[in-house]
Amino acid sequence: MQSNLFQNNAVYEPLASRMRPKSLEGYFGQTHLLEEGKPLRKVIEVGQLHSMIFWGPPGVGKTTLARLLANYAKAEFLAISAVMDGVKEIRECIEQAKFHQQQGKVSLLFVDEVHRFNKSQQDAFLPYVENGTVIFIGATTENPSFELNSALLSRARVYKLRGLNTQNIEALLDYSLGYDKELTASGLTLENTARSLIASVSDGDARKSLNLLEMAADLAKADELTVITEDLVKEIAQESVRRFDKGGDVFYEQISALHKSVRGSSPDGALYWYARMLDGGCDPLYIARRVVRMASEDIGNADPRALEISVNAWQSYERLGSPEGELIIAHAITYLACAPKSNAVYNAFNQAMAYVKSTPSFDVPLHLRNAPTELMKEEDYGQEYRYAHDEPEAHAAGEKYLPEELQNQSFYQPTDRGLELKISNKLKHLQELDQNSPLRRYSK
């Protein structure tokens with residue numbers, strides 16, 4: 001005989017699962033894909049499917065959208081997860097799809113976390129996508145350009161799904177309170193401030209927002225409350241885990257935003273993205289190393305102190321650790337953001353490297369060669385070399401330091417910002433001395 005527990009209690013289904021919509025009316029977010037007239041909306045409405053990749057952060061509706069596509073197209077929905085399944089499960093799904101095909105039915109194969117499959121596993125789908133056995137839809141949180149085989153990408157269209165904004169999530173919360181039978185039966189209402197707090201801490205994740213709402217509702221019912229208050233939400237969301245994947249797509253988006261904020265002379269933007277990365281668990285030493293790169297790439301000789309300050313911040317963090325060291329990195333970031341900008345050295349270095357790779361290996365001019373032996377001196381190594389310190393202004397006017405074939409080549413073009421303005425003026429003065437010197441090394 002079954003126990004009373006199994007006789008009297010239905011299987012628990014989370015609110016996020018109960019709220020999975022059966023039509024577009026209950027689907028929140030992704031208006032850039034699903035508004036009237038958008039290509040994906042047209043695909044859904046006419047039910048003519050093609051293979052797709054849904055790329056976006058967790059909880060934005062990738063799986064739900066795939067199910068909706070199957071519903072509208074009256075297709076059989078088959079699903080596997082690259083986290084849980086392997087080649088065996090792929091084969092089983094393909095066999096089911098072949099059976100459906102024999103019955104004149106279309107099969108939609110949804111592969112969650114598809115980027116976790118290796119190359120051979122991804123290749124296993126290709127023949128069945130090509131011959132129409134399945135409509136393939138893959139979901140990934142990572143950039144498909146880097147994580148998916150080019151052969152698979154060429155057979156599927158990529159749709160970028162975005163994190164839900166606070167208005168989307170607030171609308172979803174209100175919809176759930178009025179739609180879900182268990183919530184409506186409880187008679188609970190949600191304070192405006194509590195709604196806003198859930199939307200904020202959910203960080204664009206619809207699933208997380210519904211989980212928080214469900215926990216808050218359970219706690220309210222246990223305390224015999226009729227209103228979900230802001231304090232109640234704070235109690236269950238004391239430490240919100242931000243969406244930040246170390247080494248993943250969001251990681252590189254945020255370090256890019258930090259770098260571009262520094263380059264764009266926005267200390268506020270730079271500090272915000274720095275704080276976001278720390279809040280998400282990024283190693284401060286990684287950021288410190290990137291800050292050193294920023295100092296060289298984007299400030300350069302416009303303010304050489306930027307590089308010194310950045311290296312000092314790196315070393316200071318290694319000595320102090322967290323949280324004191326994090327403040328010193330912030331010190332360096334704000335200095336770099338406010339410093340004059342120049343990428344002249346960065347450009348000159350890249351140009352010199354490209355030039356060397358694309359031109360012959362020109363010999364070192366004789367006058368620049370060292371002559372430690374008599375034989376070398378007999379071969380004119382070092383002959384007519386002029387020691388700059390013995391010349392007026394410590395500059396051997398008219399001397400050349402490039403091979404004769406490159407005598408007019410110039411790589412470094414300093415800007416008119418910061419210290420580079422002085423460097424530029426000095427180089428112009430030295431060029432005038434060179435042009436007026438009767439001792440010019442090479443004739444034009």
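The values are calculated or read from the model by the stated rules, or taken from the named source; none is laboratory data. Computed from a prediction, not measured in an experiment: that's the story for all the values here. Note that each Cβ is placed from the backbone with ideal geometry, even for glycine, and that neighbours are counted across all protein chains shown.
One table, with the values for the structure above:
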| item | result |
| --- | --- |
| Extreme residue, modelled with the highest pLDDT, among residues of the stretch 185-210 that are surrounded by fewer than 18 Cβ atoms within 10 Å (Cβ to Cβ) and closer than 23 Å to P58 by Cα | S196 |
| Which listed residue is buried (at least 18 other Cβ atoms within 10 Å of the Cβ), at pLDDT below 90 and not assigned by TED's automatic domain parsing to the domain that holds D174, from A66, A82 | A82 |
| Only listed residue being out of contact with any Gly (no Cβ under 8 Å at 6 or more places or on another chain), in a helix (DSSP H, G or I) and free of Cβ contacts under 8 Å to residues at least 24 places away in the same chain, chosen from E45, E92, E36, E13 | E92 |
| Residues of the stretch 132-161 that turn out to be among the charged types (D, E, K, R) and modelled with pLDDT of 90 or more, as a count | 2 |
| Only listed residue being within 23 Å of P127 (Cα to Cα) and at pLDDT below 90, chosen from K88, K42, K38 | K88 |
| Flag for S437 being surrounded by 12 or more Cβ atoms within 10 Å (Cβ to Cβ), over 28 Å from N343 (Cα atoms) and of a type in the set (S, T, Y) | yes |
| Test: residue in the stretch 138-147 that is more than 22 Å from the chain's Cα centre (by Cα), surrounded by 18 or more Cβ atoms within 10 Å (Cβ to Cβ), outside any helix (DSSP H, G or I) and touching a residue at least 40 places away in the same chain (Cβ under 8 Å) | no |
| Considering residues of the stretch 95-121 that are part of a loop (DSSP other than H, G, I, E, B) and under 28 Å from the mean Cα position of the chain (by Cα) only, the residue surrounded by the most Cβ atoms within 10 Å (Cβ to Cβ) | F117 |
| Qualifying residue in the stretch 120-136 (condition: in contact with a Gly (Cβ under 7 Å, 6 or more places away or on another chain), touching a residue at least 24 places away in the same chain (Cβ under 8 Å) and within 25 Å of L40 (Cα to Cα)) | no |
| Qualifying residue in the stretch 28-36 (condition: in contact with a Ser or Thr (Cβ under 7 Å, 6 or more places away or on another chain) and buried (at least 18 other Cβ atoms within 10 Å of the Cβ)) | no |
| Among residues of the stretch 182-207, those that are over 29 Å from R276 (Cβ atoms) and either in contact (Cβ under 8 Å) with a residue 12 or more places away in the chain or outside the structural domain of A220 (by TED's automatic domain parsing) (or both), counted | 6 |
| Scan of the stretch 108-119 for residues that are touching a residue at least 40 places away in the same chain (Cβ under 8 Å) and either in contact with a Lys or Arg (Cβ under 6 Å, 6 or more places away or on another chain) or within 17 Å of V83 (Cβ to Cβ) (or both), ordered by number | F110, D112, V114 |
| Residue count, the stretch 148-175 (criterion: assigned to a loop (DSSP other than H, G, I, E, B) and in contact (Cβ under 8 Å) with a residue 12 or more places away in the chain) | 9 |
